[in-house]
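Scroll down for the structure; my scribbles are underneath it.
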Amino acid sequence: MIAGGVALVLAALALLFPVLERMYLGQLGTREAPTLTLAVEGLNGSLRRFEALPGLIAERPDLVQALRDPSDADLIARVNDDLHRTAEDVGLSDIFVIDFSGLTIAASNHWKDLSFVGQNFAYRPYFTLALAGDQGRFFALGTTSGERGYFFAEAVRDGSEIIGVLAVKFTVDDFEEAWRDGSNKLIVLDDAGVIFMASRPAWQFRSLVPLSPEARAAIEETKKYPMDALVPLQAVQAPFDDRFRQVAITDEAGTTERFIVQSQTIPEAGWDVLLLTPAEQAWTRAMGTVALSALLLLLVGLIATVVIQRRMQLQERIRAALSMQEELEHRVSQRTAELKAANHLIMQEVEERRAAENRLRRTQTELIQAGKLAALGQMAAALSHEFNQPLAAVKSFARNAAAYLDRGESEKVRQNVGMIDDMVDRLAAISTHLRNFARRPGEKTEPVLLNRALDTALVILEPKLRATGCRVSHEIGCGDIWVLGGQVRLQQVFVNLLSNAVDAMGDVPDPVIDLTLVQEDSEIHVRVRDRGTGMTEAEIAQLFDPFFTTKEPGKGLGLGLSISYNIVRDFGGTLGGRNHPEGGAVFSVTLKLAEAPSLAAAE
Ligand code: ADP
């Protein structure tokens, strides 16, 4: 686009150039017109000035006498001097007197080597014209002096008789000298078209157009110019307008100069004065204008290009920003959609979790329910087993008693009734256990004496210990230890633990139970260690489950540890069982220590 614009501008300027050059040529010609007028007036002035002189000088009486008697040397000498002085006074090149035959008898330049005196000028037209009574005027290259000059001649009359001619000559070198200043060229053409004056010496005696043969013949006849110098210039002329024309002159070296030409004629002399102004100035000016315009246009183009580019960049940037915004919006909406989808998924997951949780809870509830039912079943089975055996025994003892009563064996009856009594005791014991199992969380805890609970438990177990030969080694200490709990329940816990320990050492030869108390911060640990068989991992895991027992039917209910565990927990303590590293099991009851109550409360 830019290249196209530049080409267009250059084409426009190329078209503009000739128009501009022509305009500037016209301006140039107009500007230089006064130069031509000045030159013409200078020439005219000189011609007019010198025109009248021959007539005036010719009237001098000495001249008539000299022409009548040319042999009078004194007279001739006087005339010569006279002419010389006059020539110097008026600024003429030469003044000379020619006799009837054309011979020069006196001259202002008589003293020079190339004096006119003795020369015959009968061939010169100014001589013949003057001799005929007219004013002779003639331009020629001086045959004697070799100087170009203009000749005026008038007849010298003796009365009315023409006896000779007085001629004056003025040279034109000074004019040419004056014209040489400045860039303009001035040439003067005679009526034949020969350049006889030129500010450029090389153009002297040349012509702009070739001379006709007649003209050449006339020049040869009057010896006006040297014939060998009459070579036409290599000039091409072209009309310009009604005032000017154009001339292109090529010199011998082949260099062509172009001029804008204007002319004026000097009719009296038959001269054409031509002012040649070098067209180069107009060319340079036109070139300058074109170059400046081109520069300006380029500058404007450049500015316009920059502005357009800036604008395009701005538009591009706006477009980019818009597309970025669009992209952003798109991404935001995409992200929102993704988030919505993710949210939906999460909601779905939450929903599923909730459902799963519900399912789990339901399953758990079902399991608990099932567990409860199973426990109830187990308990029912154990209870029926525990109750059935004594009941069956009671039944058979009752039958036996009835039979012995019939036979009158009262001793045996007593014996059987006594056994029924034992069985009922056993049933009562089971029932008591069951009652204990029914926890009474409402029962409050209070400071109780740990020592007392242990002592009572040992007293309760005394018969069992004695029966099995079991020893209790205890370091209970002397001081009272108050703990949080309930007296009877606490003692039941110890009875359970000690009883289990005795059971565990059924086959041990020298059964011993270690009972230790260890105080730690605000707690106390009561440890019951036996030297029995210990427990398997599976047993440890189920120790505190209700109805878990390894004892043979009729011997254990599996409720002791379960009840004890709950009791200790109600006191804010803990119960745990593990194997002792040196064999046997060790059960540990941890209880919270309590402040001793006031004396009244204790009682
Ligand atoms: P039970 O004594 O009626 O079996 P427990 O709840 O008191 O009921 O005991 C449950 C079970 O724990 C016992 O059957 C026994 O297997 C185990 N056990 C309790 N104490 C000991 C111990 N000192 N040594 C070994 N096993 C024990």
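The values are calculated or read from the model by the stated rules, or taken from the named source; none is laboratory data. Source: prediction; values computed, not measured. Here the Cβ positions follow ideal geometry from the backbone for every residue, glycine too, while neighbour counts run over all protein chains shown. What goes into the accessible areas is simple: the full protein's heavy atoms, side chains included, and nothing from ligands, DNA or RNA. Shrake-Rupley method; radii C 1.70, N 1.55, O 1.52, S 1.80 Å.
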inquiry  = Could you report the accessible area of ARG31 in Å², rounded to 10, computed with a 1.4 Å probe on the protein chains as they sit in the structure?
reply    = 140 Å²
query = Which percent of Cα pairs goes in each bin when the distances of segment 183-302 are cut into 10 angstrom slices starting at zero?
reply = 12, 37, 27, 12, 7, 4, 1, 0
inquiry  = For LYS340, give me every one of the aspartates and glutamates with a C-alpha distance below 17 angstrom, ignoring sequence neighbours fewer than eight places off in its own chain.
reply    = GLU329, GLU349, GLU351
key: Paired Rg and Dmax values of segment 110-243, which use every Cα atom, in angstrom   = 17.2, 56
inquiry  = Test of understanding: what is the full-extension gain from ARG319 to ALA355, defined as 0.36 nm times their sequence separation minus their Cα-Cα distance?
reply    = 7.7 nm
query = How big is the charge dipole of segment 189-300 about its Cα centre, in debye rounded to the nearest 20, if each Lys and Arg gets +1 on its Cβ and each Asp and Glu gets -1 on its Cβ?
reply = 360 debye
request  = Return the distance in nm (one decimal) between the two label points of a simple spin-label model at THR533 and ALA3, each offset 7 Å from Cα along Cα→Cβ.
outcome  = 11.2 nm
note = Expected vector for segment 123-136, Karplus 3J(HN,Hα) from phi with 6.51, -1.76, 1.60 and θ = phi - 60°, integer Hz, x for Gly and Pro, equals 7, 7, x, 4, 5, 4, 5, 5, 5, 7, x, 8, 7, x
note = Expected unfolding gain across ALA52-LEU295 under the 0.36 nm per residue rule, minus the alpha-carbon gap, is 81.3 nm
ask   = What number, rounded to the nearest 500 deg cm²/dmol, is the helix-based mean residue ellipticity at 222 nm of the chain, given -39500 (n - 2.57) per DSSP H run of at least four residues and division by all its residues?
value = -18500 deg cm²/dmol
task = For the chain, just the Cα set please: Rg and Dmax, both in angstrom.
result = 83.2, 244
inquiry  = Let's test the formula: R0 of 30 Å, r as the Cβ-Cβ distance of LEU405 and THR468. What FRET efficiency results, to the nearest 0.05?
reply    = 0.20
Sequence-distant aspartates and glutamates (8 or more away, or on other chains) whose Cα lies within less than 19 Å of LYS112 = ASP74, ASP81, ASP82, GLU88, ASP89, ASP94, GLU147
Carbon/sulfur fraction of accessible area - the chain, other protein chains in place, 1.4 Å, % = 57 percent
note = Given unit charges at Cβ for Lys, Arg (+) and Asp, Glu (-), the dipole magnitude of the chain about its Cα centre in debye, nearest 20, is 4880 debye
ask   = Going highest first, how would you order 225-232, 242-249 by mean Cβ packing within 10 Å?
value = 242-249, 225-232
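At a 1.4 Å probe radius, which order do LYS185, LYS464 fall into by accessible area, largest first?
LYS464, LYS185
Peptides 350-362, 83-95: what's the order by average Cβ count within 10 Å, highest mean first?
Final packing ranking: 83-95, 350-362.
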request  = Can you tell me the 0 to 90 degree angle between the C-alpha axis of helix 2-51 and the longest principal axis of the chain, rounded to 10?
outcome  = 20 degrees
task = Go through GLY182, PHE152, ILE162 and say which Cα lies farthest out towards the positive end of the charge dipole of segment 134-187; charges sit on Cβ, +1 for Lys and Arg, -1 for Asp and Glu.
result = GLY182
task = Evaluate the charge dipole of segment 8-151 about its Cα centre and quote only its size in Debye, nearest 20, assuming +1 on the Cβ of each Lys and Arg and -1 on the Cβ of each Asp and Glu.
result = 620 debye
inquiry  = Skipping prolines and chain starts, which residues have an amide H placed within reach, meaning under 5 Å, of the one on GLN119, given they are 5 or more residues away or on another chain?
reply    = THR104
query = Using the alpha-carbon atoms, what tilt in degrees (0 to 90, nearest 10) does helix 487-504 show relative to the longest principal axis of the chain?
reply = 80 degrees
query = Expressed as an acute angle from 0 to 90° and rounded to the nearest 10, what is the orientation of the C-alpha long axis of helix 280-407 relative to the principal long axis of the chain?
reply = 10 degrees
request  = Normalising by the residue count of the chain, find the relative contact order in percent from Cα pairs under 8 Å and 6+ residues apart.
outcome  = 8 percent
Residue-normalised accessible area of the chain, expressed per residue, 1.4 Å probe, Å² = 57 Å²
remark   = Quick calc: nm separation of the 7 Å Cα→Cβ label points for ARG578 and ASP89 -> 16.9 nm
remark   = Burial-style ranking of 66-72, 178-184, average other-beta-carbon count within 10 Å with highest first, yields 66-72, 178-184
remark   = Using alpha carbon centers only, segment 1-52 is separated from segment 126-188 by a whole-angstrom value of 35 Å
query = Could you state the number of Å between the C-alpha centres of segment 338-353 and segment 498-539?
reply = 57 Å
